[in-house]
């Protein structure tokens, strides 16, 4: 039997986009992050993560709340969450759009604030 790979599910870009959707449900302080392994170990589902492999890590509020997923396990999780259900993908898209609108609002407010200060300095 041939070994399974994460790219059997998604390209690297597609997986990144789906992890971004997954992070829409996470705290902005504790998103899933792509990490390079410094040693061999197993992920949450028992898949092997080899030294120097990239894997995903979710760090909870407490140090022992860390969850590690190999790329293969993350691809499987994203498949289950976003391909086999019809509800989560649109909710994630909505949350991402909402976060982007808020980010744009803050940037506009900061730009206006700094823009006004520079104009005030020019007239002094």
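The values are calculated or read from the model by the stated rules, or taken from the named source; none is laboratory data. Because the structure is a prediction, the values reported are computed rather than measured. Glycine gets a Cβ as well: all are built from the backbone with ideal geometry, and neighbour counts include every protein chain shown.
Could we say that residue 58 is closer than 16 Å to residue 69 by Cβ, surrounded by 11 or more Cβ atoms within 10 Å (Cβ to Cβ) and at pLDDT 95 or above here? So residue 58 fails the test. Of the residues making up region 51-91, those that are within 19 Å of residue 24 (Cβ to Cβ) and part of a strand (DSSP E or B) are 56, 57, 58, 67, 69.
The residue list 13, 98, 109 contains one member that is loosely packed, with under 10 Cβ neighbours inside 10 Å and assigned to a helix (DSSP H, G or I), which is 13. When you go through (1) touching a strand residue (DSSP E or B) at 6+ places or on another chain (Cβ under 8 Å); (2) without any contact (Cβ under 8 Å) to a residue 12 or more places away in the chain; (3) within 14 Å of residue 9 (Cβ to Cβ) one by one for residue 84, which number turns out not to apply? Only one criterion is unmet by residue 84, namely (1). Of the candidates 35, 91, 49, the single residue that is closer than 22 Å to residue 13 by Cβ, surrounded by fewer than 16 Cβ atoms within 10 Å (Cβ to Cβ) and touching a strand residue (DSSP E or B) at 6+ places or on another chain (Cβ under 7 Å) is 35. Of all residues in region 51-67, those that are at positive phi have Cβ atoms under 7 Å from Cβ atoms of residues that are surrounded by fewer than 11 Cβ atoms within 10 Å (Cβ to Cβ) and at pLDDT 80 or above, 6 or more apart or on another chain, in 52/36. List the number of the failed condition for residue 52; all other conditions in (1) at pLDDT 95 or above; (2) closer than 26 Å to residue 95 by Cβ hold. Every condition holds for residue 52 apart from (2). The number of residues in region 16-27 that are touching a helix residue (DSSP H, G or I) at 6+ places or on another chain (Cβ under 8 Å) and in a loop (DSSP other than H, G, I, E, B) comes to 2. Remark: pairs (first residue in region 95-111, within 20 Å of residue 19 (Cβ to Cβ); second residue outside any helix (DSSP H, G or I) and at pLDDT 90 or above; Cβ separation under 6 Å; 6+ apart in sequence or on different chains) = 95/24; 96/24.
Take the residues of region 29-50 that are part of a loop (DSSP other than H, G, I, E, B) and free of Cβ contacts under 8 Å to residues at least 24 places away in the same chain: which is nearest to residue 7 (Cα to Cα)? Only one residue fits best here, namely 50.
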